[in-house]
Amino acid sequence: MADHLLLIGMMGAGKTTVGQLLAERLGRQYRDSDRQVQEATGKTVPQIFAEEGEAAFRAEEAKALARAVEEDTPSVISVAGGAVLDPDNGRRVQGAGTVVWLRARPDTLARRVGRGWGRPLLDAGPAETLARLDEVRRPLYQALADITVDVDSMTPSEVVEAILALLPPSGEGPGQ
Ligand code: S3P
């Protein structure tokens, strides 16, 4: 298993955009657990939720994450927002490299996800759901994070620069 860089945080925090930019800057491959679920199943996330339910999605998500962290090539990995709810996934994330939490206020998340298209958990009302999920997940993200970046007023490029500035020199443990 390689020493990866893992991005965690809520839906709308910017994990995908920042992850792609960061992978480019570091010359690393990029992995995204949602995209890997789609590739493995041939279905979109909303399709899996609708046809098989959330539990089936979570099982695929765990498999995708396990595959991503086990790769031998150091990667930037975006970890889907809800994956940390499963303690096994949490351990996998923590043991796989440097963990960066893209922390955002619920109102920022709500603004960014808009109507929540493509994210089935938000079908019932994005702003309220995000606030509720954020309350539950915040301590989990906090416990896993080696580095935390408050992204509310930052562009994706600024977030990338902030992460790069906080990364430990390679070969050392996580910085602060
Ligand atoms: C979810 C986050 C989504 C996706 C699914 C459920 C969650 O991924 O896995 O809609 O429970 O937070 P992103 O965090 O990449 O949006």
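The values are calculated or read from the model by the stated rules, or taken from the named source; none is laboratory data. All values derive from a computational prediction rather than experimental measurement. A quick note on method: Cβ atoms are made from the backbone with ideal geometry, for glycine too, and the neighbour counts reach across all protein chains shown. We work out accessible area using only protein heavy atoms, side chains counted, and drop any ligands, DNA or RNA first. Shrake-Rupley method; radii C 1.70, N 1.55, O 1.52, S 1.80 Å.
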Most mobile of PRO87, PRO156, PRO120 in a GNM of the chain (Cα contacts under 10 Å): PRO87
Treat every Asp and Glu Cβ in the chain as -1 and every Lys and Arg Cβ as +1, leave all other atoms uncharged, and give the resulting dipole magnitude about the Cα centre to the nearest 20 debye. 220 debye
1.4 Å probe accessible area per residue over the chain, in Å²: 49 Å²
What is the local net charge at VAL84, summed over the other residues whose Cβ is closer than 11 Å to its Cβ (Lys, Arg +1; Asp, Glu -1)? +1
Based solely on its DSSP helices, what 222 nm [θ] is calculated for the chain when runs of n ≥ 4 H residues each add -39,500 (n - 2.57) and the sum is averaged over all residues, nearest 500 deg cm²/dmol? -16000 deg cm²/dmol
Normalised per residue, the volume inside the convex hull of the alpha-carbon atoms of the chain in Å³ amounts to 105 Å³
Once you keep just the Cα pairs under 8 angstrom separated by 6 or more residues, what percentage relative contact order results for the range 4-166? 34 percent
